Amino acid sequence: MLAAHEATKFTQSIENASGYNLVENTSLELNNAIIFNPSSSYALTNRIESYFGQLNYDYNATYYLSGTVRRDGSSRFIKGNTWGTFGSVGLGWEVTKMNFMRNLKVINYLKLKASYGILGDQEGLGYYPGYAEIDINNLNNNPSFSPPIPGNPDLTWEKSKMFQTGAEFRLGSFLTGSVDYYVKNTDNLIFQRRVGPSNGYALITVNDGQLRNQGIEFDLTAHLLKKKDYFLDLGVNGEHFTNKITVMPIDPSTGKQKAIDVQSPYGWAVGHSIYDFYIRNFAGVDPKDGTSTWTVYYNDVNGDKIYNAGEEVLDLENYYSLNPTKVGTLLTGVTKNYAAATLYYIGKSAIPKVRGAFNLNGGFKGFELDVQLLYSFGGYAYDGAYAGLMNNGLIGGNNWSTDIRNSWQKPGDITNVPRLSNNYDANVNALSSRFITEANYLVLNNVRVAYTLPTEAMHRMGVLESATFFVSGDNLWLHSARNGFNPSTAENGSSDMYRYSPLSTITVGLKAKF
């Protein structure tokens with residue numbers, strides 16, 4: 001049994017001072033500047049106070065019970081919504097301790113388990129979301145105050161209710177593993193609700209909407225070889241999961257659930273994942289003139305079955321929500337006007353089908369080998385770094401990918417890279433399905449080779465009790481859909497020019513015990 005109290009205070013102090021027209025270009029001291037910019041300083045503070053307890057109990061090393069309860073208070077919320085109560089309970093049953101399992105020689109160990117818990121989250125809120133904010137400025141050397149931007153005093157903890165069940169097992173001396181299934185329902189989602197711009201502000205943070213995550217996780221290890229002088233184990237772990245919005249926040253203008261909330265490049269709507277791409281679809285390059293084209297849904301007003309300017313639907317889900325009788329009646333075409341192209345679900349998601357790791361562990365006498373490969377199969381990602389390298393800006397103004405060699409050159413060319421026009425054509429590398437890429441990857445995450453000197457040799461030396469020499473390498477190899485594209489660096493697999501892949505490192509060392 002455990003009972004405890006915890007209090008945390010986080011303060012971030014920010015100070016800013018700068019100047020220009022330097023006397024000496026290599027000195028960074030403020031007194032080296034002739035003209036000074038206004039200086040500023042401020043502090044951001046967050047406090048969390050927690051009371052929690054834990055109870056663990058087992059009966060005859062066969063039945064297990066664990067429970068926790070906690071009460072957390074956060075300064076991010078206004079009085080009345082500051083505190084949240086959370087907890088969990090877990091049950092376990094070691095089935096192989098039962099008499100009816102003793103004759104099953106194949107199953108050496110089997111434990112069934114289940115748990116249910118309520119979790120709280122306050123991340124992503126900033127520091128003072130419940131309070132009105134006022135900017136203070138200088139007006140003729142007197143203070144001036146901006147109109148207040150309201151906070152939301154009703155804001156409170158986002159809550160997740162999670163159920164998990166699974167089994168741990170060992171089959172003979174050849175296989176050990178575990179399998180778990182979980183369902184996590186989150187309500188009181190922390191959401192940005194759009195309000196009328198006539199209020200003087202565009203967004204307000206609210207608790208609204210519901211989200212469901214569910215999936216299965218597994219961890220299996222096969223003991224392929226096991227003798228006195230050598231062993232070899234091969235393991236694989238992974239997860240398959242889904243993510244779905246079950247309730248959308250209320251739209252104040254209609255009093256109904258919002259049809260869709262565009263979080264570019266994704267669209268949040270009931271029945272969809274938060275990582276489903278809702279984006280303009282790149283329809284290819286016109287072989288006649290080399291310009292880009294995009295898909296457009298249009299309402300064929302004049303019945304000529306040809307898209308005409310003014311017939312386009314800009315946001316498909318919002319249009320259908322306002323015109324439900326039009327579902328299935330719109331036609332599709334192509335447009336060279338990026339602004340007229342339709343935002344719609346293109347049928348791709350950033351969520352992989354399965355992801356995890358392969359592990360190989362082996363040894364022979366004093367030698368050991370450990371290898372880990374990370375993998376992810378299924379799912380797509382927006383390759384923003386590649387989009388930047390396929391720009392159509394002023395020639396020489398930026399680096400290009402070698403794929404730019406495939407750009408359209410003359411009428412009749414069939415390619416997916418538009419012509420180079422020295423910034424004449426707009427939106428050539430704008431956000432669209434053109435740069436959505438398969439996010440499959442296989443990463444050689446770590447290799448470690450080690451040799452431990454024999455114990456007898458250590459005893460004869462009389463100095464060391466043990467000594468192990470090792471060589472280890474991290475991030476040694478990556479296979480993905482495109483050279484330089486590493487989807488493992490972000491949860492949604494995306495890339496940008498300011499995020500670097502983990503460095504490849506080689507470490508040589510000696511671990512000695514005296």
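Run lengths n ≥ 4 of DSSP H only: what is the helix-derived mean residue ellipticity at 222 nm for the chain, with -39500 (n - 2.57) per run over all residues, to the nearest 500?
The helix contribution divided over the chain gives -1000 deg cm²/dmol.
Show the residues, 5+ positions off or on another chain, whose built amide H is closer than 5 Å to the amide H of residue 315.
Those qualifying (amide H under 5 Å, at least 5 residues apart or on another chain) are 343.
Just the Cα atoms of region 140-274, one point each, no solvent: what log10 I(q)/I(0) does Debye give at q = 0.14, 0.18 Å⁻¹?
-0.80, -1.04
Please order 510, 234, 175 by the number of other Cβ within 10 Å, starting at the fewest.
Values: 510 8, 234 16, 175 13.
Taking fewest neighbouring Cβ atoms as first place, the list is 510, 175, 234.
Taking amide H positions as placed in the peptide plane 1.01 Å from N, state which residues far from residue 272 in sequence (5 or more) or on other chains have amide H under 5 Å from it.
When sequence neighbours closer than 5 places are left aside, the close amide H contacts are 245.
Taking only pairs that are 8 or more places apart or on different chains, how many Lys pairs in region 282-421 have Cα atoms under 21 angstrom apart?
Final tally of qualifying lysine pairs is 5.
Calculate one ³J(HN,Hα) per residue across region 392-408 by plugging θ = phi - 60° into the Karplus curve 6.51 cos²θ - 1.76 cosθ + 1.60, and present them in order as whole Hz with x for glycine and proline.
10, x, 4, 4, x, x, 7, 6, 10, 6, 5, 5, 5, 5, 8, 5, 4
For residue 337 and residue 224 in one chain, what is 0.36 nm times their gap in residues minus the Cα-Cα distance, to one decimal in nm?
Gain in length upon complete extension: 34.6 nm.
What number comes out for the charge environment of residue 118, summing +1 per Lys or Arg and -1 per Asp or Glu over other residues with Cβ under 9 Å away? All intermediate terms of the calculation are to be shown ahead of the outcome.
Working: positive: 159, 161; negative: none.
Neighbourhood net charge equals +2.
Taking region 267-330, which trypsin sites (Lys or Arg not before Pro) meet the DSSP loop condition and have no more than 14 other C-beta atoms within 10 Å?
On the way: sites: 280, 288, 305, 326; in loops: 288, 305.
The qualifying sites are 288, 305.
Can you check what the net charge comes to around residue 272, using other residues whose Cβ is under 13 Å from the Cβ of residue 272 (Lys, Arg +1; Asp, Glu -1)?
Surrounding charge for residue 272 is +1.
None of the figures in this text is laboratory data; all of them are computed from the coordinates on show. Only a predicted model underlies this, so the values are computations on that prediction, with no experimental measurement involved. Here the Cβ is made from the backbone with ideal geometry for all residues, glycine too, and neighbour counts use every protein chain on show.
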